[in-house]
1. Return the pairs, sorted by first residue and then second, in which the second residue is surrounded by fewer than 17 Cβ atoms within 10 Å (Cβ to Cβ) and of a type in the set (Gly, Ala, Ser), the first residue lies in region A:637-664 and is part of a strand (DSSP E or B), the beta carbons are less than 7 Å apart, and the residues are 6+ apart or on different chains.
2. Check whether at least one residue in region A:351-359 is part of a helix (DSSP H, G or I) and exposed (fewer than 11 other Cβ atoms within 10 Å of the Cβ), and report yes or no.
3. Which of the residues spanning region B:58-91 are surrounded by 22 or more Cβ atoms within 10 Å (Cβ to Cβ) and either in contact with an Asp or Glu (Cβ under 7 Å, 6 or more places away or on another chain) or within 14 Å of chain A (Cβ to nearest Cβ) (or both)?
4. Considering only region A:582-596, I want to know if a residue exists there that is at the interface with chain B (Cβ under 10 Å from one of its Cβ atoms), surrounded by 15 or more Cβ atoms within 10 Å (Cβ to Cβ), out of contact with any helix residue (DSSP H, G or I) (no Cβ under 7 Å at 6 or more places or on another chain) and in a helix (DSSP H, G or I).
5. Of everything in region A:287-330 that's among the charged types (D, E, K, R) and surrounded by fewer than 16 Cβ atoms within 10 Å (Cβ to Cβ), which residue is nearest to residue A:97 (Cα to Cα)?
6. How many residues are surrounded by fewer than 16 Cβ atoms within 10 Å (Cβ to Cβ) and touching a residue at least 24 places away in the same chain (Cβ under 8 Å) when one looks only at region B:41-57?
7. Where residues in region B:26-44 are within 21 Å of the chain's Cα centre (by Cα) and modelled with pLDDT under 90, which of them is nearest to the other protein chains (Cβ to nearest Cβ)?
8. Is one or more of the residues making up region A:541-560 at pLDDT 80 or above, part of a helix (DSSP H, G or I) and either loosely packed, with under 13 Cβ neighbours inside 10 Å or within 12 Å of chain B (Cβ to nearest Cβ) (or both)?
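The values are calculated or read from the model by the stated rules, or taken from the named source; none is laboratory data. No experiment lies behind these values; they were computed from the predicted model shown. Here Cβ is always computed from backbone atoms with ideal geometry, including for glycine, and neighbour counts include all displayed protein chains.
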Amino acid sequence: MSIEDRCRSRIRAIRLLRLRRNTQKRSGLCRTMPDCAIVDPVVMSAHSLVAVKSLSLSLSLLRRLSWQRWLRWSLLALVTGVVIALVGQWAEQRELHIRIQALQQAAQSTVLGLGGIAAKHGYLPYAATRHPDVQALLRHPADTLLRDRVNRYLADFQTRTDSAALFVMSVDGLTLAASNWNSAGSFVGQSYRQRPYFMQALQGRHSYFYGVGLTTGTPGFFISEPVRSGDEVIGVMVIKVSLDTLEHSWANSADPVVLQDSRGIVFLSSEPEWRYRSRAPLSADDLAWLAKNWQYGERTGYDLLPWRVLRTTGSPAYELHAVVKGQLRSFLALESVLPELGWTLVVTSDLKGVTQARREALVLAALLAAVLLLAGLYWQLHERRYSEQRQAKLELERRVQERTHDLEQAQAFRKAMEDALLVGMRARDPQGRISYVNRAFCDMVGYRDDELLGCAPPYPYWHPDELDKYRRDREGSMLAEAQPYGFESRIRHRDGHDVITRVYTAPLIDALGQNQGWMSSVVDITAQKQAEDRQHDQELQLQRSARLASVGEMASTLAHELNQPLMALSNFALAARNIASQAQMEVLVSALDDMVEQSQRASEIVQRVRGFINPRRGSYEACDVHAVIAHSLVLLKSELERQAVTVTQRLAEHMPSVRGNRVLLEQVLINLLQNALQAMQDLPAAERVIDIETMLLGRTVQIRVGDAGPGVPEGLLAQVFTPFFSTKPEGLGLGLNICRTLVEAHGGHLTVVNRLGGGAVFTFTLALSV
Amino acid sequence: MSDTALTLYVVDDDEALRRSLLLLLFSQGMAVRGFESGEAFLQAIDARQVGCVILDLRMGGMSGLAVLEQLRLRHSPLVVLFLSGHGTIPMALEAVGQGAFDWVVKPDTQQLLEKLPVALVEAQARADALALWHDLTPREREVARQVGLGQSNKEIARKLVPACSPRSVETHRASLFAKLGLANDNELGRWLTRHTWLG
């Protein structure tokens, strides 16, 4: 896992945490520091920082802004109150307006009704006057027959027109005929000359009058019409209409209706107590006129209406407070004037609806204001929370940025450090794919990092001779789970040279404890290894010459040693000849003695060499053949490894010891193994195999050393053991000869055969000890 | 020029071989001294003597080559004849390169007896040359060396200590040519090359 990845995942984790924190904050869980496991100290510190900051900020704000806040709040309350009041006012006005319109309509309809009554009955007297009997009666008032006829006519007229009464008067005010002529309260004979409607009609005018009947005592609406004969007024026809029906219909309405005359006296009212009461105090003249005309009967005084009136300018209506049926009520009143009759109609409407409407509007406005206020508060709260969150977010962003920067720095530092390393670093994932290499490793294998990244085994730098070993090592490393370990490995550089390395591999464990692969540090130990090999070779060389001089050295030493006595012999012989010619007998004898002595010496040297190869029987001992083989392989170990030769052994079980000299037997084996090595030098490493086999055959042990080389040419098989025979340019040709001599000295035989599959097999036998 | 008594030495660590050589050479009428090691030899003799030494190449202690090196350092006029085995012939060749006169392969006594007189003639020549050299004044020897290096009179005059005029160099040159019996610069050069041991 590269460091970038770790970086990114870290940032992701921080973001995730931040998200979670925000949600917690929203849900109100995170006011205090969290109780959950916080893994990131940065986030935690950022949070606490934000919390502390916002707390101190709000405290200082509270202190600094308290009076401003109060001012603002009271202003807001004031404005709200005003607005509510205005809304109430507006609703009231609107309701009033509606009411007034309704009143106007009601008044109009009432006025129309009244006008209708007047219009309906207005022409009746005139129609009645047109009857010739009426005219005749007025000319002849004493004609009883006529009078009787007119009476019947008027009665019939009255019945048909649904009026209260119809009567006709002479110019001096005496009633000549009436519709109620045969009832108890008959107008006939009565004089109504003082009545205004009579006087006005006498003057030739059509006249209206409301008043209480003089005869009947019941109020009624009098319409009078002059009866003309030509231009002369000869009488007056009057019709009386009762307004009781109208008044009764008013009494049924909820709100009072009042009709007043031109003097302000109420004569029709839905409220009976208000009848014949005056709006304003009446003047003396008016009172006198009323008394004289007997308009409202015998009453002489008129009480004031128990009304309290509040007028508002600019409005046709006014407020009216009055006690109705024992209850103080408020009304909206509207007056309409009926000009032809001189009356004024007052219609009212209960003000309760208006106040109700205002109250409702006020309540509604207050509710609305409350809702708005709450919404505002909520919005403010939301804003504050949002700004807090944004603050925290910004802080976190900054932290993350800082952190990222730090990580980048660390990354750059690490990169520089890794590049500066001389040790090669390589990381692999669990599938064995290379996920990381540093520069030193690239230099070591000669491949660029982009060529190596993602590579799966076999890697390009694996040595072709060691593929099996890599697999084993790799399996070993996979099995070695959590334990770091090291092994030696030979790899091949891109340019073909071998690099010997020591590889230490340790598992990569991630934060969850999972194994994500392996990290290997690779140390180039080629130079060290070569030095070790050289040292080892030298040691081996020393060991070998100490144990047994090599064949060439032995020959050289032998030659040198033999040369000495030989030359001495030659010298002595020549000297002896010289001396003999000089006849110096004593010196001659001495020289001849020396010659014998030198001959003896030469003989001893030869003897010694023989004795060396064929030691005395006393130096033989019981030898473990397998130990001899093992030790020989140890001595040749580095040689075998360098040439990558595989040695297979098939050793007999329970091998008894043989009789022999261990050092000499080792020499024989080393010689045979070296021959085998040299025979396989040109083969590929994978084919270089030496097999060693031991067998027990009766009283002898057979030891075989086989190689996979080309074998011995058939024609030369007989000669390989001959002294000074060699197929090698630098060979002395004594090795196999000495081996055979040594084996024979042990009482055994050394033979060679070629295998069918190729290669030579050397076999020698040894006798068991005892 | 008269025959100087030339000394003959045998250096060999093999007692029998040494004794046999001494007896052989003695029987031929030569004065021979034997040494059992190179160290003993170098300690006992005067390196400035003229003579011939038969050296064994392969000895315990100082090797023949080491002895030769010591003699060369001491500007010895001794003529060196090596005894070499078959295996040490490359060594013998190297020794000749370093100033040895010749070598004899063991155990060929006949060859030794053939080469020894030639070596003795060389030793005599060296004895004569040494005698002539000793006749020169130190100044003349110095001039001779410089002439041998191919320097002009003027340069020699400047290099000499104490310095002198080219004319006096010319005088020395004439004198030394007369003493050594040489005719010109070339002959002197050859003579000096032949006797590098003069130092």
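1. Listed by first residue and then by second, the contacts come to A:658/A:767; A:658/A:769; A:659/A:622; A:659/A:767; A:659/A:769.
2. no
3. Result: B:64, B:79, B:81, B:82, B:83, B:84, B:85, B:88.
4. yes
5. A:311
6. Matching residues across region B:41-57 total 2.
7. Within region B:26-44, the match that is nearest to the other protein chains (Cβ to nearest Cβ) is B:30.
8. Looking for residues that are at pLDDT 80 or above, part of a helix (DSSP H, G or I) and either loosely packed, with under 13 Cβ neighbours inside 10 Å or within 12 Å of chain B (Cβ to nearest Cβ) (or both), one finds none in region A:541-560, hence no.
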